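First comes the structure, then the notes that go with it.
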Amino acid sequence: MKSLGNSGSDVIEAESESIGILLIEGYPIIPFSCVVDSLRTANRLSGQALYRWEYYAPDEQPVSASCGITVPTRPLAAASDLETLVIVAPNTAQHFDDASTLKQLRTLDRQGVNLGSASSGSFILARAGLLDEVRCTIHWENIPVFRELYPQVDVAFTLYEIADRRCTCSGGTAALDMMLKLIENRHGRDLALQVSQQFHHDRIRSEVDSQQMADRIDLAMNAPRLIDVINLMENNIEAPLPLPAIAEKCGLSLRQIERLFHKYRDMTPSQYYLSLRLKHAKQLLLNTNRSVIDISIATGFETQSYFTACYRKHFGSSPRNHRSQVATGNKG
């Protein structure tokens, strides 16, 4: 059984790798297609059956994508002789708690099967206790909830993470980058680049590329020190740092920070920091069962009343009403 890490060689290995793809109801079609088509294209371009794959479901019931597409599946319990299993799950996967599936994943792990996620399956792997010793990633919208549910797991804002026997990505087209890297590790960079070019993918993005880098290209080019300020804010949500402390840690003056935020984000540093905390609170509110008072504490508000007032001003609804509206399907 081979690990998923870098082989350190570009030698092409002709042996066929057996891949299982576990589909969870409501799975997103883009990462699913990125996984399957990268394998199919690698086979076509190499002229060899480098990969063979099969689709699985938690049980014998049909599984549909969020767009309604259904593919034939086998129950996960029937999986055998797999080298790698990749989970494709919807962004509601934090609620997935099928005991049988979690047990089967642990069994596959003990058998030496590599386990991964092409979307929100990181929630499922974490619930099964299979990410405690590795660095992982998930879509940036889910990171606040993921950190609250699994504080012991090292989760990053990267596009994908590949460890010896784990691979996770942030979903969407990041699944293609992860698969291209896995193909490179197993069969060499030339083949991976050929597959990338087939999809008009200009480059194989690396593990260190941030999910939010597109939003910060202007900062990387023109105000890289502002990225340091924003990173500090993002990493200090529950206990917000005073702006003077942030300025000192970043080697900037308060006036410099204020000018940078005004020029590149059209708001004050305090407004930006408050917006980050409220967006974090919204994710916790809509994706966990934590009380409003707990969420207010987790996002650095001294009182629930002040939190409610700030939330209402920012989102146009109180936290309780927003949760109730979303639960009844009246408002997104």
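The values are calculated or read from the model by the stated rules, or taken from the named source; none is laboratory data. Remember, it's a predicted structure, so these values are computed and weren't measured experimentally. Because the Cβ atoms are built from the backbone with ideal geometry, glycine has one as well, and the counts that use them run over all protein chains shown.
Mind telling me which of the residues 87, 29, 24, 19 ends up being of a type outside the set (Ser, Thr, Tyr), touching a Cys at 6+ places or on another chain (Cβ under 7 Å) and at pLDDT 95 or above?
29
Looking at 44, 106, which one is closer than 25 Å to residue 5 by Cβ, assigned by TED's automatic domain parsing to the domain that holds residue 168 and modelled with pLDDT of 95 or more?
Within the list 44, 106, the selection yields 106.
Tell me whether segment 158-181 contains one or more residues that are over 26 Å from residue 299 (Cα atoms), aliphatic (A, V, I, L, M) and at pLDDT below 90.
yes
Restricting to helices (runs of 4 or more DSSP H) lying wholly in segment 223-332: which have 3 or more residues that are over 27 Å from the mean Cα position of the chain (by Cα) and without any contact (Cβ under 8 Å) to a residue 40 or more places away in the chain?
243-250, 254-265, 304-315
If residue 135 meets every condition in (1) over 24 Å from residue 25 (Cβ atoms); (2) at pLDDT below 90 apart from one, which number is that one?
So the condition that residue 135 fails would be (2).
What are the pairs, 6+ residues apart or on separate chains, where a residue within segment 34-63 that is farther than 23 Å from residue 204 by Cβ has its Cβ under 7 Å from a residue that is surrounded by fewer than 17 Cβ atoms within 10 Å (Cβ to Cβ) and among the hydrophobic types (A, V, I, L, M, F, W, C)?
Listed pairs, sorted by first residue: 55/71.
For segment 140-194, which residues satisfy the criterion of being outside any helix (DSSP H, G or I) and under 17 Å from residue 30 (Cα atoms)?
The answer is 159, 160, 168, 169, 170, 171, 172, 173.
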